[in-house]
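Chemist: I have a structure here, written as structure tokens, and I will follow up with some questions on it.
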Amino acid sequence: MKWRYPFVFITFLIFFTLVIGRLFYWQIVKAEELSGMAKSQYNGVIKVLPRRGEIKTSDGFPIVANKVSYLLYINPTEVKDKNKTIYTLSSLLDISIASVSSQLIPDRLWVPIKSGIDAKKKEEIEKIKLPAIGFEERYARFYPEASTAAHLVGFVGKNEFGEDKGYFGLEGFYDRLLKGKEGYAVELHDVLGRPILAKRNNNARGSDGGNLLLSIDRSVQFLTEQKLKDGIEKYGALGGMVGIMDPANGDIIALSSMPSFAPQKYWEYDESLYKNPFITNTYEPGSTLKPIIMASALDAGLITTQTKCNICSGPVRVSDYDLHTWNDKYYKDTNMIEVIQHSDNIGMVFVAQKLGVDRMISYLTKFGIGKSTDIDLQGETVPSFKARSAWYDVDLATTGFGQGISITPIELLTAFSTFANGGKLLQPRVVTAFENANGEVLRIPAKVKGTPISEKTAKIMTEILVNAVEKGEAQWTKLKGYRIAGKTGTASIPVKGHYDPNSTIASFIGFAPVDAPRFVMLVILEKPTSSIYAAETAAPLFFDIAKDLLSYYGIPPSE
Amino acid sequence: MKKPILIIIFLIGIIISLSIVKVIVYNGLSTSGVYVGKVEEEVNFYKTQNAKLLEKLLTLSSLTNIAEKAKKEGFTNEGNLLMVLKTSKPLAVRP
């Protein structure tokens, strides 16, 4: 009977070895897989999408906010009447039958059909009580002022992963700040899928996007857009733009360009409209550049206001090119004040020749021409000068009156502002402060980029420009009682190696009131047809806006 | 009884009582998931309502909307507008 003991012992040993072996298999070999399966059964990882930051004008009004929208999804496995579902969704959501049909893949449990559905539409769809469909709440961009300042704010589209991404303007420039950080929350569920309070973990939460506080004055922006729209219609122009800056700190008060687009439905517009022409389009500024050249020569001490132009009695010939005045009128021995007043091209050739190529390039660079203004908007173009060796006598002469050189409107506006603030070149800016998700505000100080001319030169140039408004071609449209400094610009458009004789870019740049400038404004009309001259198109539009601005700021007439 | 045995009994007692407390608390909390779910649902509902109201508020207080309404009421700079009075008599009648 002795064998029984070893037999029982060995049997138990084998049994326990098998049990231990099996336990080893489950606990060690299969541990990771089983743990994952268990977690997937009771753990729920919730993706916490951050809310994109708002963009607020100087009065705190959000011109770009977020609204509730819905994503309609479908579970194809639960669809009973496929045809009815396809036709109903197609007609309600205004999408093609083929598009809905292709989404109903039988082996999928969740298929998105359409996003951006508003609450009203959602209720309408819910009333039909279609089986297998559901809604996921999301936030979408909302523009309370519709397409106002569209070029300035840009729009939110999708990147290659289908995630929200800002394009153009502020949305593009400040995308990382606006979009915030995605977070994850882990939640344990019971057998019925209900959350278990004791095991909630919110440690991996992200943060909502920050808000942008702009220097843009909503009322001025609105007013500018209305006036520009009316102006384009009135003067039969192809398009136009207006930029208004506070010369004290470089704050952009309004920036408007037309034709424009609606950021809410950007996909319905041509892509060429997305770019903000005020910072991306280059053009030959024409006579609006004359004050910059004149101020450079005055600052360098090469001329004074009373310097006589000894070549102004007729057209001049430079390197086989005959240069004329815009109206073929010539003023013998005219002084520098009158050169600007008459917008005398020959007078400016005289000034440019006094300045010389090296000084010309040096001063233009100091004024920020040929360099980025560093404005906080996406897509600024920086047209550079041609190489020093490629400057010929005729280039120097034509640059004197603003032809043969390309700049962007924002460059001109920034450079011109130096006359209004004692010679300082400021960095233009649209955002004055950031506000994080907790409401903490971080102010951004104004930045002075340089001092291209002395305060004295700025004052002299201002008086020359006041004289140009009082006695120049646009005097008929000036505002009575206000001292306004300004200059017209009727620029020819280069086409295939020559200038188009029938179309121009008409512009007017100026600031007011002269004694304590509140704004600097540049108005540009592209190819106006009622008249090709700025004095008859851009200038009246400038003064029309200026009149309302002076009234808005409560500035009384000084004379 | 000896001291170590007392300590062991005391510790075992604590372990048992804490385990019982844990079971009771977890039991209570396990059913609160339903309540939490409802509260979260309610919070989300109010958040959504808030967002919808804000959308309405911003739309109504936008300059675009105000300008449109003002124009309808006759506040305009346009000089060539013809105003039609719906009343049978002029507003001011000479006595």
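Chemist: Just checking, which of A:K459, A:K480 is touching a residue at least 60 places away in the same chain (Cβ under 8 Å), surrounded by fewer than 22 Cβ atoms within 10 Å (Cβ to Cβ) and not hydroxyl-bearing (S, T, Y)? So that I can check it myself, show each step before the final result.
Modeler: On the way: A:K459 fails: touching a residue at least 60 places away in the same chain (Cβ under 8 Å).
When all the criteria are applied, what remains is A:K480.
Chemist: Of all residues in the stretch B:20-56 being facing chain A (nearest Cβ under 9 Å) and hydrophobic (A, V, I, L, M, F, W, C), which is surrounded by the fewest Cβ atoms within 10 Å (Cβ to Cβ)?
Modeler: Among those that are facing chain A (nearest Cβ under 9 Å) and hydrophobic (A, V, I, L, M, F, W, C), it is B:V25.
Chemist: Scan the stretch A:87-135 residue by residue and report those that are touching a residue at least 60 places away in the same chain (Cβ under 8 Å) and β-branched (V, I, T). Walk me through how you get there before you give the answer.
Modeler: First pass over the stretch A:87-135, keeping only residues touching a residue at least 60 places away in the same chain (Cβ under 8 Å): A:133-135.
Within the stretch A:87-135, just A:I133 meets the criteria.
Chemist: Shifting gears a bit: Suppose we filter the stretch A:432-450 for residues that are touching a helix residue (DSSP H, G or I) at 6+ places or on another chain (Cβ under 7 Å) and of a type in the set (V, I, T); how many remain?
Modeler: Qualifying residue count, the stretch A:432-450: 0.
Chemist: What is the residue count in the stretch A:349-376 for residues that are crowded, with 16+ Cβ neighbours inside 10 Å, of a type in the set (G, A, S), under 34 Å from the mean Cα position of the chain (by Cα) and part of a helix (DSSP H, G or I)?
Modeler: 0
Yes/no matrix, rows are residues, columns are (1) in a helix (DSSP H, G or I); (2) farther than 27 Å from A:T88 by Cα; (3) among the hydrophobic types (A, V, I, L, M, F, W, C):
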{"residue": "A:K121", "(1), (2), (3)": "yes, no, no"}
{"residue": "A:E126", "(1), (2), (3)": "yes, no, no"}
{"residue": "A:G134", "(1), (2), (3)": "no, no, no"}
{"residue": "A:L152", "(1), (2), (3)": "yes, yes, yes"}
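Chemist: Further, regarding this structure: Inspect all residues belonging to the stretch A:281-292 and state whether any of them is among the small types (G, A, S) and out of contact with any Ser or Thr (no Cβ under 9 Å at 6 or more places or on another chain). Before the answer, list the steps.
Modeler: Within the stretch A:281-292, the subset among the small types (G, A, S) is A:286-287.
So of that shortlist, the ones also out of contact with any Ser or Thr (no Cβ under 9 Å at 6 or more places or on another chain) come out as none.
Checked the stretch A:281-292: no residue is among the small types (G, A, S) and out of contact with any Ser or Thr (no Cβ under 9 Å at 6 or more places or on another chain).
Chemist: Which residue out of A:P428, A:P452 is more than 20 Å from the chain's Cα centre (by Cα) and in the same structural domain as A:R317 (by TED's automatic domain parsing)?
Modeler: Values: A:P428 fails: more than 20 Å from the chain's Cα centre (by Cα).
The conditions single out A:P452.
Chemist: Then there is this: Looking for something of a type in the set (A, V, I, L, M, F, W, C) and free of Cβ contacts under 8 Å to residues at least 24 places away in the same chain - is there at least one such residue anywhere in the stretch A:59-81?
Modeler: Initially, the stretch A:59-81 is screened for residues of a type in the set (A, V, I, L, M, F, W, C), giving A:61, A:63-65, A:68, A:71-72, A:74, A:79.
Next cut, free of Cβ contacts under 8 Å to residues at least 24 places away in the same chain only: none.
No, every residue in the stretch A:59-81 fails to be of a type in the set (A, V, I, L, M, F, W, C) and free of Cβ contacts under 8 Å to residues at least 24 places away in the same chain.
Chemist: Now a separate question. Here are some residues: A:F511, A:F434. Which one is farther than 25 Å from A:V357 by Cα and touching a Ser or Thr at 6+ places or on another chain (Cβ under 8 Å)?
Modeler: Values: A:F434 fails: touching a Ser or Thr at 6+ places or on another chain (Cβ under 8 Å).
Result: A:F511 is the single residue among A:F511, A:F434 that is farther than 25 Å from A:V357 by Cα and touching a Ser or Thr at 6+ places or on another chain (Cβ under 8 Å).
Chemist: Just name the residue that is nearest to A:N211 (Cα to Cα) out of those in the stretch A:59-114 that are crowded, with 18+ Cβ neighbours inside 10 Å and hydroxyl-bearing (S, T, Y).
Modeler: Looking at the filtered set, the residue picked out is A:S69.
The values are calculated or read from the model by the stated rules, or taken from the named source; none is laboratory data. Quick caveat: nothing in here was measured; it's all calculated off a predicted structure. All Cβ positions, even for glycine, are placed from backbone atoms using ideal geometry, and neighbour counts span all protein chains on display.
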